[in-house]
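Just below is one structure, and these are the notes that go with it.
The values are calculated or read from the model by the stated rules, or taken from the named source; none is laboratory data. Computed from a predicted model, the values in this text were never measured in an experiment. Positions of Cβ are backbone-derived with ideal geometry, glycine not excepted, and every protein chain shown enters the neighbour counts. Surface accessibility is based on the protein's heavy atoms, side chains included, excluding ligands, DNA and RNA. Shrake-Rupley method; radii C 1.70, N 1.55, O 1.52, S 1.80 Å.
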Amino acid sequence: MKIQSFKNINEEQPVDVTIYLTESLNSLPATLYPYLEKYFEKKKNVVISIPTSEQPLVIALFLENSEKESVTNEKARILGNEILTLLKKEDYSTVSLVSTVEEQVTLTTLEGMLLGDYHFTKYKTKEEDKKEKDIQIYAEIDETKIDELVGLLETVSIARDLVNEPPSVLTTTRFSEEIQALGNRYGFDVNVLSKSQIKKLRMGGLLGVNAGSDVPPTFNILTWRPQNAKNQQPYIFVGKGVVYDTGGYNVKPGSYMDTMKSDMAGAAAVVGLLCAVAQNKLPIHVIGLIPATDNRINSNAFVSDDVLTMMNGTTVEVKNTDAEGRLILADALVYAQNLNPKIVIDLATLTGAAARVTGHYGSAFMGNASTEIKQSLQQSGEMVFERLIELPFWDEFAEDLESPIADIKNLGKPEGGASSAGKFLEHFTNYPWLHIDIAGTAFLTAPYRYFKAGATGVGIRLLYHFLKKEENI
């Protein structure tokens, strides 16, 4: 789907259909009233086709406004997806969008259309399964805002593509190659550390998880630092990059291994965020850190009762090899200590415990950052409908990690497992920090609203909105 400003309409090619996005019948052209009386029964939030003499079809939308802007925006996204579904069903390709609602509501309607238009058909072999209808939308919106929205959603699609790739394709080394290619395309710097460099840094968590794999680990450093950056201290985002997780010797049973290609969704979100920030040239200094490995099994693989030494010298008793994400994130969080961060936020498909709290309706978060930062992040979550709930972060959860033979162990009690995982990560920070557990939201096994089954790209729109708000852009 393509979106352009009205001023780019080609008069030689008239539009197939006009969409009216409105809150009131009275704001529509009087020539439509006879049709409206016939086809409408004062419904709200509906998409209805109306045949007229002037055009084959006119679609009128009634958007019920809410006192909460975030609720109105989400209704608009859902409507946008409904519009897209109807357009594809009726086989229309050129569309004029006439809106009498606020510009932001129009933009979020288009956002819903763009999110719903995503498809991953790379491995389909039948031509009819691969083909997608190309729809051109003309909207009365400033070109700059259209370009920003389209650019942002393009990067969300990039992240979704990365997560949806099979693990045999997206190995750690291939992932790093993709990141480098995206850096060249969007204009941010990428430095990929090899296994030998990782060894020199003594990243025992990343090396330990990778020990059972034939493919080496990588540590990826993504940097966007424009000359006009408003912040001296960088915002740092850390993404869990386990490209496939078998669970290690604590192997995942049955269907629990399904969808484990999505265990690098946090890393994909960090990649997508850097692409979005660079694509739209935000004047913000941003760094992404991605430790990447798979968690496989061979005779060299780490096992329960092993002791690993992290980059900062902390020793960790391994009590479960399926609690591997926190081990590789720990090294990345230590690495961030040398970069003088303004704040560090990590994203990870970390615990089933978090997913059991939120389902796929939102993500859990916790950390030691200020209340103001937490509230700002939650507000951004509401606005883009990537909602966040703060979990308890009491010191008692850290006590659950005490080890009799090492400095700390990698597993707490089953109760409060998401919070004890967060306390493990906090052990490796000395700066303002937040942890977002996207285990429930990163990947869908069935369609939901404007998302198809598969990767969602969660985190990118949230953090992009957060960054712009924090720096008043």
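At a glance:
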quantity: Residue identified as in contact with a Pro (Cβ under 8 Å, 6 or more places away or on another chain) and polar (S, T, N, Q) among SER213, SER194; calculated: SER194
quantity: Members of the range 303-328 found to be touching a Phe, Trp or Tyr at 6+ places or on another chain (Cβ under 8 Å) and of a type outside the set (Gly, Ala, Ser), listed by number; calculated: VAL303, LEU308, MET310, MET311, ASN312, THR314, VAL318, THR321, ARG326
quantity: Considering residues of the range 217-230 that are part of a loop (DSSP other than H, G, I, E, B) and open to solvent by 10 Å² or more (accessible area, probe 1.4 Å) only, the residue farthest from GLN180 (Cα to Cα); calculated: LYS230
quantity: THR321 being of a type in the set (Ser, Thr, Tyr), surrounded by 24 or more Cβ atoms within 10 Å (Cβ to Cβ), closer than 30 Å to GLU402 by Cα and under 21 Å from the mean Cα position of the chain (by Cα); calculated: no
quantity: Residue identified as under 17 Å from the mean Cα position of the chain (by Cα) and among the aromatic types (Phe, Trp, Tyr) among TYR118, TYR138, TYR186; calculated: TYR118
quantity: Those residues of the range 394-408 which are closer than 17 Å to THR315 by Cβ and either outside the structural domain of ASN368 (by the TED database) or open to solvent by less than 60 Å² (accessible area, probe 1.4 Å) (or both), in sequence order; calculated: ALA398, LEU401, SER403, ALA406, ILE408
quantity: Residues within the range 356-370 that are buried (at least 23 other Cβ atoms within 10 Å of the Cβ) and of a type in the set (S, T, N, Q), tallied; calculated: 1
quantity: Boolean, ILE179 is open to solvent by less than 20 Å² (accessible area, probe 1.4 Å) and within 23 Å of SER93 (Cβ to Cβ); calculated: no
quantity: Residue among LEU462, LEU377, LEU388, LEU411 that is on the phi < 0 side of the Ramachandran plot, out of contact with any helix residue (DSSP H, G or I) (no Cβ under 6 Å at 6 or more places or on another chain) and either open to solvent by 60 Å² or more (accessible area, probe 1.4 Å) or not hydroxyl-bearing (Ser, Thr, Tyr) (or both); calculated: LEU411
quantity: Residues of the range 231-251 classified as modelled with pLDDT of 95 or more and part of a loop (DSSP other than H, G, I, E, B), total; calculated: 10
quantity: Selection within the range 253-277 - out of contact with any Phe, Trp or Tyr (no Cβ under 7 Å at 6 or more places or on another chain) and modelled with pLDDT under 95; calculated: PRO253, GLY254, SER255, TYR256, MET257, ASP258
quantity: Residues located in the range 388-412, provided they are of a type in the set (D, E, K, R) and within 20 Å of GLY440 (Cα to Cα); calculated: GLU390
quantity: Filter result for the condition that a residue is in the same structural domain as THR293 (by the TED database), among the polar types (S, T, N, Q) and open to solvent by less than 20 Å² (accessible area, probe 1.4 Å), over THR246, THR259; calculated: THR246
quantity: Residue in the range 106-115 that is surrounded by fewer than 17 Cβ atoms within 10 Å (Cβ to Cβ), touching a residue at least 24 places away in the same chain (Cβ under 8 Å) and out of contact with any Gly (no Cβ under 6 Å at 6 or more places or on another chain) present; calculated: no
quantity: Qualifying residue in the range 292-304 (condition: touching a residue at least 60 places away in the same chain (Cβ under 8 Å), open to solvent by 10 Å² or more (accessible area, probe 1.4 Å) and assigned to a helix (DSSP H, G or I)); calculated: no
quantity: Conditions (1) more than 27 Å from ASN472 (Cβ to Cβ); (2) open to solvent by 10 Å² or more (accessible area, probe 1.4 Å): number failed by PRO283; calculated: (1)
quantity: Residue count, the range 431-459 (criterion: of a type in the set (Ser, Thr, Tyr), touching a Leu at 6+ places or on another chain (Cβ under 8 Å) and open to solvent by 20 Å² or more (accessible area, probe 1.4 Å)); calculated: 0
quantity: Within the range 436-473, considering residues that are more than 19 Å from ILE78 (Cβ to Cβ) and hydroxyl-bearing (Ser, Thr, Tyr), the one modelled with the lowest pLDDT; calculated: THR445
quantity: Test result for ASP214, assigned to a helix (DSSP H, G or I) and open to solvent by 40 Å² or more (accessible area, probe 1.4 Å); calculated: no
quantity: Candidates LYS126, LYS122, LYS130 - the one that is open to solvent by less than 80 Å² (accessible area, probe 1.4 Å) and farther than 21 Å from ILE19 by Cβ; calculated: LYS130
quantity: Single match in LEU153, LEU149, LEU206 (criterion: closer than 17 Å to THR293 by Cβ, at pLDDT 95 or above and among the aliphatic types (A, V, I, L, M)); calculated: LEU206
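Yes/no matrix, rows are residues, columns are (1) open to solvent by 80 Å² or more (accessible area, probe 1.4 Å); (2) modelled with pLDDT under 85; (3) part of a loop (DSSP other than H, G, I, E, B):
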position	(1), (2), (3)
GLU11	yes, yes, yes
LEU21	no, no, no
LEU32	no, yes, no
ASN73	no, no, no
LEU84	no, no, no
